[in-house]
Amino acid sequence: MSDPENPHALSHRTTPTWEVELLISGVAVFAMLQLPSLLDDAMFALEPRLDVDWRQMLILGYLYGKSAALILATTFVLHLLLRARWIALVGMHSVHPQGILLDKLRLGPIQKALERERDMPMPARIERADNLATTVFAIGVMLATMLLVTAAGATALYALGVLIATLSGGWIDASLAMLAIFALITLPFIALVQLDRRKAAHWLPGSWRYRAVSAGFRGYARIGFSHGSNPEMTLLSTNRGGSRKAILLTTSVMFVAMASAGISLALQKHPDWLGSYAWFPKSTTRQLDSAHYDDQRNPARDSATPYVQSAVIVGPYLKLVIPYRPLRDDAAMRSTCPSTDAGRTGDALASARLACLQALHGVVLDGKPLASLRYEIASDPRTDRPALLAMIDVRSLPPGRHELRIAHPPRSDQTPGDDNPDPGFDVIPFWR
């Protein structure tokens with residue numbers, strides 16, 4: 001806000017942090033706009049390396065982290081716009097200190113009366129714009145911090161759940177263990193709050209009940225269960241229309257951010273979902289997927305799927321690479337080859353596991369099984385992920401279209417009635 005006696009000077013009521021706010025927003029906005037894409041890259045790079053439990057933990061951390069990044073990016077952009085508007089108002093008031101002259105507008109009596117009723121002095125408008133920019137900055141940073149803290153807590157809880165599930169030998173589900181731990185932490189706190197509200201007024205300060213509940217609140221305050229651990233939220237809830245509005249605002253923004261992160265991940269995995277492609281034919285046997293060809297695939301974003309060197313094979317050998325996918329292969333190896341590790345170590349163990357994987361990933365060329373196919377232990381050179389490698393002699397194939405079918409274990413997340421059922425194999429057409 002500017003001084004009404006000196007419109008060329010800022011008011012002493014101007015938010016003292018406005019310069020730092022502008023500096024932080026100006027510097028951080030570019031980093032925050034790039035951070036969601038970096039998180040996407042990390043997600044697509046790590047997901048194929050993990051099994052079910054650790055994959056769930058990764059997705060949990062990714063959703064919270066990307067939601068925080070989206071909130072921060074939106075906050076800094078919006079804050080820059082609001083601060084720019086505030087600067088514009090301060091500058092215009094300096095140029096035109098007389099303010100808005102309604103008499104010079106061509107208005108009828110009713111509209112002019114309404115405008116006079118709603119009119120606000122320029123210093124008050126400037127102060128309001130100043131306060132709004134600071135409030136948006138504080139709320140955005142607060143929400144992002146809350147999401148990051150929640151992400152750390154949720155990830156730690158899930159890690160404990162996975163540890164308990166592992167120690168139990170699979171008898172306890174990791175998600176159920178996580179919920180049980182969460183209940184053990186939160187339910188006593190809820191009980192303390194209810195006791196304090198309903199009974200504590202009738203207790204003497206030195207009584208054992210009073211001291212017990214007080215000690216419980218002190219303990220929970222050390223792990224963040226306190227209004228003092230989030231002063232921005234406390235200020236907002238006690239000065240902006242009450243805690244209900246503050247909770248509604250917080251919940252709504254977090255829900256929108258989490259939904260945006262989830263939808264973004266789904267669209268990146270299934271780009272065809274975005275657009276009017278309902279009538280475009282879909283086929284599991286006649287579809288060319290760029291992820292199946294090394295010279296076309298995007299290793300940073302495409303799923304870990306079998307691939308060959310190109311859609312057109314020029315040389316004598318077709319190079320087939322099958323990335324190892326823990327999400328599918330681990331469970332399949334345990335159920336199909338349960339005695340693989342029995343009494344084996346070193347090369348003997350590696351050979352037994354390779355034979356098991358070879359049985360799981362049989363290959364059919366133009367309808368004929370390749371019984372003599374031999375896999376080698378290799379890696380995907382562009383992602384550094386373990387993979388199987390087979391060199392298939394195609395010198396005898398005639399010119400034209402040919403087709404590889406590579407068997408794989410079924411998807412662990414497939415449900416009955418799935419709109420996109422897993423056929424149990426990957427199809428890679430190629431030409432000679």
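The values are calculated or read from the model by the stated rules, or taken from the named source; none is laboratory data. Treat the numbers as computed from the prediction; the structure is a model and nothing was measured. Quick reminder, even Gly has a Cβ in these numbers, built from the backbone with ideal geometry, and neighbours come from all protein chains shown. For accessibility, only protein heavy atoms count, side chains too; no ligands or nucleic acids. Shrake-Rupley method; radii C 1.70, N 1.55, O 1.52, S 1.80 Å.
Go through segment 45-67 and report how many residues are under 11 Å from the mean Cα position of the chain (by Cα) and within 15 Å of residue 324 (Cα to Cα). The qualifying residues number 0. If I filter segment 248-268 down to residues being hydroxyl-bearing (Ser, Thr, Tyr) and under 12 Å from the mean Cα position of the chain (by Cα), which single residue comes out as farthest from residue 237 (Cα to Cα)? Only one residue tops the list, namely 264. As for segment 366-381, it holds at least one residue that is touching a residue at least 60 places away in the same chain (Cβ under 8 Å) and within 33 Å of the chain's Cα centre (by Cα). Does segment 264-275 contain at least one residue that is surrounded by 11 or more Cβ atoms within 10 Å (Cβ to Cβ) and touching a strand residue (DSSP E or B) at 6+ places or on another chain (Cβ under 9 Å)? No, that holds for no residue. Residues that are open to solvent by less than 80 Å² (accessible area, probe 1.4 Å) and not small (Gly, Ala, Ser) within segment 371-389 comprise 373, 375, 380, 383, 385, 386, 388, 389, listed in sequence order.
Each residue in segment 225-264 was checked for being over 23 Å from residue 186 (Cβ atoms), at pLDDT 85 or above and of a type in the set (Ser, Thr, Tyr), and 2 of them qualify. Does residue 417 qualify as being under 28 Å from residue 312 (Cα atoms), surrounded by fewer than 15 Cβ atoms within 10 Å (Cβ to Cβ) and at pLDDT below 90? So residue 417 does not fit the description; no. Is there a residue being of a type in the set (Phe, Trp, Tyr), out of contact with any Ser or Thr (no Cβ under 6 Å at 6 or more places or on another chain), part of a helix (DSSP H, G or I) and within 30 Å of residue 157 (Cα to Cα) anywhere in segment 43-58? Within segment 43-58 (the criterion being of a type in the set (Phe, Trp, Tyr), out of contact with any Ser or Thr (no Cβ under 6 Å at 6 or more places or on another chain), part of a helix (DSSP H, G or I) and within 30 Å of residue 157 (Cα to Cα)), the answer is yes, since at least one residue qualifies. Taking strands (runs of 3 or more DSSP E) as the structural unit, those lying wholly within segment 339-404 and holding at least 3 residues that are under 28 Å from residue 44 (Cβ atoms) correspond to 376-380, 385-393. Among the residues that make up segment 217-232, is at least one of them more than 29 Å from the chain's Cα centre (by Cα) and surrounded by 13 or more Cβ atoms within 10 Å (Cβ to Cβ)? There is at least one residue in segment 217-232 that is more than 29 Å from the chain's Cα centre (by Cα) and surrounded by 13 or more Cβ atoms within 10 Å (Cβ to Cβ). Return yes or no: is residue 349 modelled with pLDDT under 90 and hydrophobic (A, V, I, L, M, F, W, C)? Yes, satisfied. Against the list (1) part of a helix (DSSP H, G or I); (2) surrounded by 14 or more Cβ atoms within 10 Å (Cβ to Cβ); (3) not hydrophobic (A, V, I, L, M, F, W, C), the condition residue 103 fails is (2).
Among the residues that make up segment 106-123, is at least one of them touching a His at 6+ places or on another chain (Cβ under 9 Å), surrounded by 19 or more Cβ atoms within 10 Å (Cβ to Cβ), aliphatic (A, V, I, L, M) and touching a residue at least 40 places away in the same chain (Cβ under 8 Å)? The answer is yes; a qualifying residue exists.
Among residues of segment 106-124 being in a helix (DSSP H, G or I) and under 44 Å from the mean Cα position of the chain (by Cα), the one that is farthest from residue 24 (Cα to Cα) is 118.
Sort out which residues of segment 306-336 are within 16 Å of residue 381 (Cβ to Cβ) and either in contact (Cβ under 8 Å) with a residue 24 or more places away in the chain or not polar (S, T, N, Q) (or both), and write them in order of number. Once the filter is applied, which keeps residues that are within 16 Å of residue 381 (Cβ to Cβ) and either in contact (Cβ under 8 Å) with a residue 24 or more places away in the chain or not polar (S, T, N, Q) (or both), segment 306-336 yields 306, 307, 308, 310, 319, 320, 321, 322, 323, 324.
Among the residues of segment 39-54, the ones that are within 15 Å of residue 328 (Cβ to Cβ) and open to solvent by 40 Å² or more (accessible area, probe 1.4 Å) come to 6 in all. Once segment 69-78 is narrowed to residues that are closer than 10 Å to residue 29 by Cα and buried (at least 24 other Cβ atoms within 10 Å of the Cβ), the residue that is nearest to the chain's Cα centre (by Cα) is 72. Scanning segment 124-136 for residues that are open to solvent by 70 Å² or more (accessible area, probe 1.4 Å) and either of a type in the set (A, V, I, L, M) or touching a Lys or Arg at 6+ places or on another chain (Cβ under 9 Å) (or both) yields one hit, 132.
The residue pairs whose first member lies in segment 201-214 and is without any contact (Cβ under 8 Å) to a residue 24 or more places away in the chain, whose second member is open to solvent by less than 90 Å² (accessible area, probe 1.4 Å) and part of a loop (DSSP other than H, G, I, E, B), and whose beta carbons are closer than 7 Å, counting only pairs six or more residues apart or on different chains, are 209/203; 210/203. Restricting segment 283-302 to residues that are exposed (fewer than 12 other Cβ atoms within 10 Å of the Cβ) and farther than 27 Å from residue 62 by Cα leaves a set whose member that is modelled with the highest pLDDT is 295.
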